[in-house]
Amino acid sequence: MRMMTLKQALATGTLLAVAGLGAPLLAATQEVTLDLVEPITDYKLYVSDRTAQLVEDTGALVAAIHAGDLEKAKALYAPTRTSYEEIEPIAELFADLDASIDARADDYETAEKDPAFTGFHRIEYGLWVEKDTAAIAGYADRLMADVKDLDQRIAALTFPPETVVGGAAALMEEVAASKVSGEEDRYSRTDLWDFQANTDGAKKVFELVRPLIEPTDPAFVSTVQSNFDDVDQTLAHYRTANGFEDYEELSDQDRTLLSARVNTLAEDLSTLRGKLGLD
């Protein structure tokens, strides 16, 4: 057994407890779980960094809304969301906040008119459709409180490895199955920002566990890396000086190609849990 730091040892205990491993299964899975301690610990540090950035960026967005600066708030909307979209592989670990921060109007009985509709997309609706910063000041304050709550929770949150690894594949499947239709950022058409952030977040998970798989299955690692490169190159085609093209500018052929490449990536990522002994 390799030498472990106290931090890693504590994390191992947490991982085993969360996994709910009984004594008969403990010995068989212990080696796999121990190997994942360092990647999961590093991933938690990554998430903590991203939520700290989310708090900072949301503060600037909320300040622009309170200042009544519609154009500045619109310019800050997509980059502010980036750090949240990067940690979406583990959104199920804070489902209550995810609903408050990132739910879509379709999730509510009266859609955009429903007072329970909060978060980024309520603000997006206010900026692009209502064009009224005063009307969304309260929603902006609620978003600020939610992202601060999320940032504070991360330190005490346990990250089950099967959730982290499985979440990366599930997120890319969601991009291919529904996000590529353009349903998420329907008012701002900033969808490509989200796609890049989702891809970057899934890639981070892959990069952290890659050393555990590469010695025994280098062909798989090479294929997944190639899939990530294909998606990145496709998205790069739509980059502009200030971010990405309006999603409405993409043709049906563009969207089909993007969906196909994301779907191929998601299919390969879906086998990652099994390769790590987490199924």
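For this structure, a couple of remarks:
- Over the Cα atoms of segment 185-279, the radius of gyration divided by the Kirkwood radius equals 1.04; this is the Rg/Rh ratio.
- Our helix-only sum for the chain, with -39,500 (n - 2.57) per DSSP H run of n ≥ 4 divided by its residues, gives a mean residue ellipticity at 222 nm of -22500 deg cm²/dmol.
- Accessible surface of TRP128, taken over heavy atoms with a 1.4 Å probe and every protein chain present, rounds to 50 Å².
- Cα-Cα pairs of segment 64-179 separated by more than 17 Å (percent): 59
- Segments 199-206, 223-230 sorted - mean Cβ within 10 Å per residue, highest first: 199-206, 223-230
- Residues of type aspartates and glutamates that LYS44 reaches as a straight line, Cα spacing below 12 Å, ignoring anything fewer than 8 places off in the same chain: ASP151
- Expressed as a whole percent, the accessible area of the chain that falls on carbon and sulfur atoms is 51 (1.4 Å probe).
- Remark: segment 146-155, residue by residue, has Karplus-estimated 3J(HN,Hα) of 5, 6, 5, 4, 4, 4, 6, 6, 4, 4 Hz, where x stands for each Gly or Pro and the curve is 6.51 cos²θ - 1.76 cosθ + 1.60 at θ = phi - 60°.
- Only Lys, Arg, Asp and Glu carry charge here, each on its Cβ (+1 for the first two, -1 for the last two); on that basis segment 39-147 has a dipole of about 300 debye about its Cα centre.
- In this view, the solvent-accessible surface of LYS44, computed with a 1.4 Å probe and all protein chains in place, comes to about 60 Å².
- FRET E, pair ASP141, HIS237, Förster distance 35 Å, beta-carbon r, rounded to 0.05: 0.40
- Rounded to the nearest 20 debye, dipole of the chain from Cβ charges on Lys, Arg, Asp, Glu: 780
- Gain on full stretching of the segment that runs from ASP217 to ASP49 - 0.36 nm per residue minus C-alpha separation: 57.4 nm
- Remark: segment 74-89, residue by residue, has Karplus-estimated 3J(HN,Hα) of 5, 5, 8, 4, 5, x, 5, 5, 3, 5, 6, 5, 5, 9, 4, x Hz, where x stands for each Gly or Pro and the curve is 6.51 cos²θ - 1.76 cosθ + 1.60 at θ = phi - 60°.
- Approximate spin-label separation GLU267-LEU70, in nm, with each point projected 7 Å along Cα-to-Cβ: 4.6
- Solvent-accessible area of HIS66 with every protein chain in place, 1.4 Å probe, in Å² to the nearest 10: 100
- Sorting MET172, MET144 by solvent-accessible area of protein heavy atoms yields MET144, MET172, largest first, with a 1.4 Å probe.
- Pairwise centroid distance, computed over Cα atoms, of segment 42-81 with segment 210-238, Å: 29
- As a length-normalised measure over Cα pairs under 8 Å and 6 or more apart, the relative contact order of the chain settles at 22 percent.
- Cα-based Rg of the chain normalised by 2.2 N^0.38 Å, two decimals: 1.06
- Probe 1.4 Å, protein heavy atoms only - accessible area per residue of the chain in square angstrom: 45
- Karplus-derived HN-Hα couplings along segment 108-114 (A = 6.51, B = -1.76, C = 1.60, θ = phi - 60°), whole Hz, x at Gly and Pro: 10, 4, 10, 6, 4, 8, 6
The values are calculated or read from the model by the stated rules, or taken from the named source; none is laboratory data. Quantities reported herein were computed from a predicted structural model and do not represent experimental measurements. A quick note on method: Cβ atoms are made from the backbone with ideal geometry, for glycine too, and the neighbour counts reach across all protein chains shown. Note: accessible area is taken over every heavy atom of the protein model, side chains too, but ligands, DNA and RNA are not part of it. Shrake-Rupley method; radii C 1.70, N 1.55, O 1.52, S 1.80 Å.
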